[in-house]
Amino acid sequence: MSRVLCVLLLTAASASYAAPSHKTDDMDALLADRGLLSHVEHVRQSIKSQTSEVVMSAMGFLGVPYRRGGNSAESGFDCSGFVRAIYGQTVGLLLPRRADEQAAATEKIDRKELKPGDLVFFKTMRSAFSHVGMYVGENKFIHAPKPGAEVRVEDMDIRYWKTRFTGARRVVQDTGAD
């Protein structure tokens, strides 16, 4: 598959994350003219399905205890270990280990663009990206918060998280196609 086709497919697939617009309709018309619309629809559905799977998988770990350096349900999770394990187990994507590395390896998005499965970052220590969680919708995120706590869902608008929010990122899978 050519790079141009990959770019067209990824652009069209990412449009499913954006608000509807005439540009999306134009892209769909172009792809239909080239006989590619059904393939793009399949990619869109695959992305939507994987996002749902990632969030549902994360919810399955509610109550797992926090453990610094932890990266499994058996031993416990820290924040970045939790996010890494969910993406690894659900979609086979291996994210970096630390929160700041995960921020660097993912696509920056505006908070208004958050969709379930996106990553949210907070400054809880010295680094701007010292804590990470996964957005689940309705301004809530799931994360492994701190020693003595368990994986839980929290509202991003509570004062503690609102004042420490430093950014949102989207995990973009490399298709590996040339």
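Results, tabulated for the structure shown:
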item: Within the stretch 110-142, tally of residues that are of a type in the set (A, V, I, L, M), surrounded by fewer than 18 Cβ atoms within 10 Å (Cβ to Cβ) and at pLDDT 95 or above; result: 0
item: Any hit, the stretch 98-108, residues being free of Cβ contacts under 8 Å to residues at least 60 places away in the same chain, touching a Phe, Trp or Tyr at 6+ places or on another chain (Cβ under 9 Å) and either farther than 19 Å from Q173 by Cα or of a type in the set (S, T, N, Q) (or both); result: no
item: Residues of the stretch 154-178 that turn out to be open to solvent by 20 Å² or more (accessible area, probe 1.4 Å), of a type outside the set (S, T, N, Q), out of contact with any Gly (no Cβ under 9 Å at 6 or more places or on another chain) and in a strand (DSSP E or B), as a count; result: 3
item: Within the stretch 162-178, considering residues that are closer than 19 Å to R84 by Cα and of a type in the set (K, R), the one modelled with the lowest pLDDT; result: R170
item: Test: residue in the stretch 75-94 that is over 17 Å from V54 (Cβ atoms), buried (at least 22 other Cβ atoms within 10 Å of the Cβ) and either charged (D, E, K, R) or touching a Phe, Trp or Tyr at 6+ places or on another chain (Cβ under 6 Å) (or both); result: yes
item: Check on L62, surrounded by 15 or more Cβ atoms within 10 Å (Cβ to Cβ) and part of a loop (DSSP other than H, G, I, E, B); result: no
item: Odd one out for T124 among (1) without any contact (Cβ under 8 Å) to a residue 24 or more places away in the chain; (2) assigned to a loop (DSSP other than H, G, I, E, B); result: (1)
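The values are calculated or read from the model by the stated rules, or taken from the named source; none is laboratory data. All values reported here derive from a predicted model rather than from experimental measurement. Heads up, the Cβs are rebuilt from the backbone with ideal geometry, glycines too, and the neighbour counts pull from every protein chain shown. Calculation scope for accessible area: heavy atoms of the full protein, side chains included, ligands and nucleic acids excluded. Shrake-Rupley method; radii C 1.70, N 1.55, O 1.52, S 1.80 Å.
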